[in-house]
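To start, the structure itself, in structure tokens.
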Amino acid sequence: SPKNVVRCSVLGVQNSHAFSVGKKFQLDDVIEGQQFDRGLLGNIFEVAREMEMIEKNSPGSKILKGYLMATLFYEPSTRTRLSFESAMKRLGGEVLTTENAREFSSAAKGETLEDTIRTVEGYSDIIVMRHFESGAARRAAATASIPIINAGDGPGQHPTQALLDVYTIEREVGRLDGIKVGLVGDLANGRTVRSLAYLLAKYNNVKIFFVAPDVVKMKDDIKSYLTLQGVQWEESTDLMEVASMCDVVYQTRIQKERFGEQIDLYEEARGKYIVDQKVMSVLQKHAVVMHPLPRLDEITVDVDADPRAAYFRQAKNGLYIRMALLKLLLVGW
Amino acid sequence: SPKNVVRCSVLGVQNSHAFSVGKKFQLDDVIEGQQFDRGLLGNIFEVAREMEMIEKNSPGSKILKGYLMATLFYEPSTRTRLSFESAMKRLGGEVLTTENAREFSSAAKGETLEDTIRTVEGYSDIIVMRHFESGAARRAAATASIPIINAGDGPGQHPTQALLDVYTIEREVGRLDGIKVGLVGDLANGRTVRSLAYLLAKYNNVKIFFVAPDVVKMKDDIKSYLTLQGVQWEESTDLMEVASMCDVVYQTRIQKERFGEQIDLYEEARGKYIVDQKVMSVLQKHAVVMHPLPRLDEITVDVDADPRAAYFRQAKNGLYIRMALLKLLLVGW
Amino acid sequence: SPKNVVRCSVLGVQNSHAFSVGKKFQLDDVIEGQQFDRGLLGNIFEVAREMEMIEKNSPGSKILKGYLMATLFYEPSTRTRLSFESAMKRLGGEVLTTENAREFSSAAKGETLEDTIRTVEGYSDIIVMRHFESGAARRAAATASIPIINAGDGPGQHPTQALLDVYTIEREVGRLDGIKVGLVGDLANGRTVRSLAYLLAKYNNVKIFFVAPDVVKMKDDIKSYLTLQGVQWEESTDLMEVASMCDVVYQTRIQKERFGEQIDLYEEARGKYIVDQKVMSVLQKHAVVMHPLPRLDEITVDVDADPRAAYFRQAKNGLYIRMALLKLLLVGW
């Protein structure tokens, strides 16, 4: 579609990992948000919903029985790793784990990523990889003869997080077209909000509000991209007003590690936009609060009990999305 | 029962995790030694004995088929972790592992334990948690909608160790009422001996001997508790005499890390009470030597071949107790 | 056989772990290369070939269903560990993992290896151990009542690597008698080339060429051993000539860690013998290049596409050899 002609440069796609087979797409790898169009997302979400049924009702599923997944993590991320490993095991598959490949593996002796992949692909049927370098997942996929799933490569992509975010909005609000989303917090460094903005542009009549402290405002590349895609967006400094208008308030953590020595700037940014009972009091009844987690105090704990607090359901949706992707990559539709 | 009215303050129970359902108790979580009374212990030990039969004769057990256990370890403890993971797998269940959650997980970014639990409970059916803070397991259980097993929380509780100790005494000596137990070594800091003393007080006519170097004597809280419970106890400096009278000599390691700079005090304490061939020569024929392991040289290696050296059987009993608890928490009696 | 009377001192065998049972040998443990004679190797290779069929055609194999393997790694080696764990899981078995036993386990508190083994054997059916001390595997096997596989003990033995190397030569070249092998690179410190030379001496009319920088030449003990066994060997400084005559060029990495401060010596040694397109151009059509991996630049990447580049197939053969050994140790022939 013409929408997809223009692409945000920082998310620039160089080749596609999704190919059309009959009416459905054949997934070979999951490398970046850009490989998913609206149709493919819809299909994946359908499978994710089937996975939810399986997880709840079929504890002894054998859909991936006999398949072996290697979690090759060059930097630790327990949350993401457990989510993938749970997804594999919930479908009857097995797992090989390396949670500190950078320090422990042959990488420390100078082995290239490509050589590591060619070895590990001999031991497994699919590789879920987390790496500290942008583009690492693409390089792995170019080498491997088995599917690769990118579980985050440095400042680059974390496509399964982007998918679970969109899936959660659809599940919670009931639709994606015409949605109003407030993106709040660290919009400059947050990989998740950037990817989410990118994917939301695939839907119609979406409106996005950016609410960020000055030092971590959304960058121009995404704004230009949204404009070119015909997505309405505006910047605001009034979280209350935005919250009162939105279907989704997507809060994020201000990342201390980005501020280095400038602790005062961090503290100022961090306290600026907090989702608390006051914000919840203006939020519409059908609207929800999301957060990629981990959370510090940018959402107060007393919000957790509110049924509109969707962030733990969102984390759980990550399980269903990952189950769906593992199934699609290993046994197809 | 009136016995349970008085409780040792340092082991003070605030709420109960065991509820009566018909004749049997329903276990929701395993948090602390105090939640087990004599009847419940007896019932668990019966199941542990069934588990022993299963482990020996039914390698392909499917009792926990389709169940997923997360081992969430904030401090490493390979022995305890492997014991739980073996227990789960011997019953056909599956495992998600984090052996260094403190450093690797979102905890390092400031996430609360409660948030971590709410995420991990979405990926698993039961959480076995080891934590560096006293009370952490109770907090986890208060948050989680799935069962929590405390695999040690700092200086606090390690209830599965306490259970396996009592189970071992019953298996080795044949009874718990009327038992004479010598607790030897580091009685001030040893979590295991304190818990064991607490649980033994639930049986009749128990007599306990404390044999400890001066710097690590049993503290007054446990002594007062035993007195109030009507348990006979005395302190002794004569290991030979105690060994000749006891059914169980429970030796423990002097923990170097407790002595800080005072290496000379440590060395003096460490060499004071050693279980060796001389001690074994006065031990009664039916009596046994126990130790929670790891051992340094407080039991000499030449004792290992003596059939009364029960410590490796004791470690193995940990497997059966953990199999029993996993079964009871996940599928019931 | 008389050949086996003389043994290389550094590989000196003290007792045997293979016993004759009827026509086949009964394997109790896998500790060192010396326990395998020509007949046993042939039998294991036959099973490895069956394992290859199973891995390719029977994803849901249940040959080791109900068996539990503990990977007890005192030093990390992700490649070897994943290979063993994949082997176990490909046969339907289950795994308990410790990838940093040295730091995390009771070893840090001063527990002996023997005590650790006596505990871990209670949780599993077989132990795969990697240790930093030569002879550790033998000590473990002397203690354990379940099978031990040595996955490398310090500068000592790494028998499964040796077996997969010989298996790869047979698979790639079609025979072992009459083979010409060029051993290239760090022959002084390389555990793999030393073990390979030792095992090749069991076959007839073998000729070995040593091609090594002066500082890391093959040591006299192996040379004397080969001479006594009637194996022809010679040293050469001309890799091109050796490559043109050999059936196998076995390249190895120069290990930087062996050179300490002497970086210049390392750099000189490292650049001396590189397998590149020029070397490939003189290699015979039926010949192959092997490497135990990880590789740095001692084989140039453009060689990878050559069908005679056998090193990734060699890594994969490690899986089949380990599947074969696990099957033989747990359920027999």
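The values are calculated or read from the model by the stated rules, or taken from the named source; none is laboratory data. The shown structure was predicted, so the numbers you read here are calculated from the model rather than taken from an experiment. Here the Cβ positions follow ideal geometry from the backbone for every residue, glycine too, while neighbour counts run over all protein chains shown.
Numerical summary
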quantity	calculated
Search result, residues across the range B:231-245 that are surrounded by 15 or more Cβ atoms within 10 Å (Cβ to Cβ) and part of a loop (DSSP other than H, G, I, E, B)	B:Val231
Where a residue in the range A:158-172 is touching a residue at least 40 places away in the same chain (Cβ under 8 Å) and under 16 Å from A:Glu52 (Cβ atoms) and its partner, wherever it lies, is part of a loop (DSSP other than H, G, I, E, B) and of a type in the set (Phe, Trp, Tyr), with Cβ under 8 Å and at least six apart	A:Leu163/A:Phe36
Among residues of the range A:277-333, those that are out of contact with any helix residue (DSSP H, G or I) (no Cβ under 9 Å at 6 or more places or on another chain), part of a loop (DSSP other than H, G, I, E, B) and within 30 Å of A:Leu91 (Cβ to Cβ), counted	2
Qualifying positions in the range C:120-142 - over 20 Å from C:Met88 (Cβ atoms) and hydroxyl-bearing (Ser, Thr, Tyr)	C:Ser134
Number of positions in the range A:194-228 that are over 16 Å from A:Val166 (Cβ atoms) and among the aromatic types (Phe, Trp, Tyr)	3
Top-ranked residue of the range A:137-172 - restricted to ones that are among the polar types (S, T, N, Q) and surrounded by 20 or more Cβ atoms within 10 Å (Cβ to Cβ), ranked as modelled with the lowest pLDDT	A:Gln157
Condition check for C:Arg175: outside any loop (DSSP other than H, G, I, E, B), surrounded by fewer than 22 Cβ atoms within 10 Å (Cβ to Cβ) and away from chain B (no Cβ under 14 Å)	no
Residue satisfying all of: in the range B:178-200; touching a strand residue (DSSP E or B) at 6+ places or on another chain (Cβ under 6 Å) and β-branched (Val, Ile, Thr); surrounded by the most Cβ atoms within 10 Å (Cβ to Cβ) among these	B:Val184
Residues located in the range A:257-282, provided they are under 24 Å from the mean Cα position of the chain (by Cα) and either surrounded by 16 or more Cβ atoms within 10 Å (Cβ to Cβ) or touching a residue at least 40 places away in the same chain (Cβ under 8 Å) (or both)	A:Arg258, A:Phe259, A:Ala269, A:Arg270, A:Tyr273, A:Ile274, A:Val275
Filter pass, B:Ala137 being outside any strand (DSSP E or B), of a type in the set (Gly, Ala, Ser) and either touching a strand residue (DSSP E or B) at 6+ places or on another chain (Cβ under 9 Å) or more than 30 Å from A:Gly318 (Cβ to Cβ) (or both)	yes
Residues of the range C:274-322 satisfying the condition of being closer than 21 Å to C:Ile44 by Cα and more than 11 Å from chain A (Cβ to nearest Cβ)	C:Met290, C:Ala310, C:Ile321
Some residue of the range B:100-111 being surrounded by 23 or more Cβ atoms within 10 Å (Cβ to Cβ) and either farther than 24 Å from B:Leu196 by Cα or among the hydroxyl-bearing types (Ser, Thr, Tyr) (or both)	yes
Residue match in the range C:101-109 (condition: away from chain B (no Cβ under 11 Å) and free of Cβ contacts under 8 Å to residues at least 40 places away in the same chain)	no
Counted residues, the range B:35-74 - those being among the hydroxyl-bearing types (Ser, Thr, Tyr), crowded, with 19+ Cβ neighbours inside 10 Å and out of contact with any helix residue (DSSP H, G or I) (no Cβ under 6 Å at 6 or more places or on another chain)	0
Odd one out for B:Ile222, checked against (1) surrounded by 22 or more Cβ atoms within 10 Å (Cβ to Cβ); (2) over 21 Å from B:Leu293 (Cα atoms); (3) out of contact with any Cys (no Cβ under 9 Å at 6 or more places or on another chain)	(3)
Flag if C:Val120 is closer than 30 Å to B:Lys65 by Cβ, in contact with a strand residue (DSSP E or B) (Cβ under 8 Å, 6 or more places away or on another chain), buried (at least 19 other Cβ atoms within 10 Å of the Cβ) and more than 8 Å from chain B (Cβ to nearest Cβ)	no
Yes/no for A:Thr237 being hydroxyl-bearing (Ser, Thr, Tyr) and over 19 Å from the mean Cα position of the chain (by Cα)	yes
All positions within the range C:264-291 that are of a type outside the set (S, T, N, Q) and closer than 13 Å to C:Val248 by Cα	C:Val275, C:Val279, C:Met280, C:Val282, C:Leu283, C:Lys285, C:His286, C:Ala287, C:Val288, C:Val289, C:Met290, C:His291
Residue within the range C:128-136 that is of a type in the set (Phe, Trp, Tyr), at pLDDT below 95 and farther than 16 Å from B:Leu82 by Cβ present	yes
Count - residues of the range C:123-155 that are within 14 Å of chain B (Cβ to nearest Cβ) and of a type outside the set (D, E, K, R)	11
Filtered residue count, the range A:48-94, keeping only those that are of a type in the set (Gly, Ala, Ser), at the interface with chain B (Cβ under 9 Å from one of its Cβ atoms), over 14 Å from B:Glu94 (Cβ atoms) and touching a residue at least 24 places away in the same chain (Cβ under 8 Å)	2
Search result, residues across the range C:246-268 that are charged (D, E, K, R) and not in a helix (DSSP H, G or I)	C:Asp247, C:Arg253, C:Glu261
Subset of the range C:140-172 that is at negative phi and in a loop (DSSP other than H, G, I, E, B) - its residue that is nearest to the chain's Cα centre (by Cα)	C:His158
Positions within the range B:99-127 being among the basic types (Lys, Arg) and at pLDDT 95 or above, in sequence order	B:Arg118
